[in-house]
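Here's the structure we're looking at; comments come further down.
Derivation of every value follows stated rules applied to the coordinates shown; laboratory data play no part. What you are looking at is a predicted structure, and each value in this text was computed from that prediction instead of being measured. Cβ atoms come from the backbone with ideal geometry, glycine included; neighbour counts cover every protein chain shown.
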Amino acid sequence: MEHAIFPEVSKDLVDKRRELAPEIYGAFRTFNQRVFADGALSSKTKDLIAVAVAHVTQCPYCIRGHTASALKKGATEQEVMEAIWVAAEMRAGGAYAHSLLALDEMAKAREASGA
């Protein structure tokens, strides 16, 4: 039998989470609903952003949930995939941009050693 790293979402687990901290759970749900409501950005756009962020944070629950939500709100499969590619570029871009720190340290080390 295969053992999953992440448990499947179940009513029992969701109920337990709410039961253990009901006020915080309620506040989080309200926050979530307000964040993902239409505003300056459409709800669909917010879910596409969430799909991208979920790939960077590597949250399988968020990837599944926000992908499903974006599709229900009319996002195309191409829009979802482009959002994922934006996330991939940003993640790789961070390493690329931070390489300047290593280059700067190498220059300082050369300078200090007189090379």
- Mind checking which lysines have their Cα closer than 18 Å to the Cα of K46? Skip sequence neighbours fewer than 8 apart in that chain. K72, K73
- What list of ³J(HN,Hα) couplings, whole Hz, do you get for region 101-115 from phi and the Karplus terms 6.51, -1.76, 1.60, once you set θ to phi - 60° and write x for glycine and proline? 5, 5, 4, 5, 5, 4, 5, 5, 5, 4, 4, 5, 8, x, 7
- Straight distance only, please: which aspartates and glutamates reach the Cα of K44 with their own Cα at less than 16 Å, same-chain residues fewer than 8 apart left out? E77, E79, E82
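So, by mean Cβ neighbours within 10 angstrom, what's the order for 22-31, 7-16, 86-95 with the highest one leading?
Packing order, densest peptide first, comes out as 86-95, 22-31, 7-16.
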- Would you calculate the separation in nanometres between label points at C59 and E77, each defined as 7 Å from the Cα along the Cα-to-beta-carbon direction? 2.6 nm
- Query: Using the per-residue mean of other Cβ atoms lying within 10 Å as a proxy for protection, in what order, highest first, do the peptides 62-70, 100-108 fall?
  - Reply: 62-70, 100-108
- Per the rule of 0.36 nm per residue minus the C-alpha distance, extending A97 to E111 adds in nm 2.8 nm
- So what is the 222 nm mean residue ellipticity for the chain from helices alone, if each DSSP H run of at least 4 adds -39500 (n - 2.57) and you divide by all residues, rounding to the nearest 500 deg cm²/dmol? -26000 deg cm²/dmol
- C-alpha center-to-center spacing [region 83-115, region 26-68] in angstrom: 30 Å
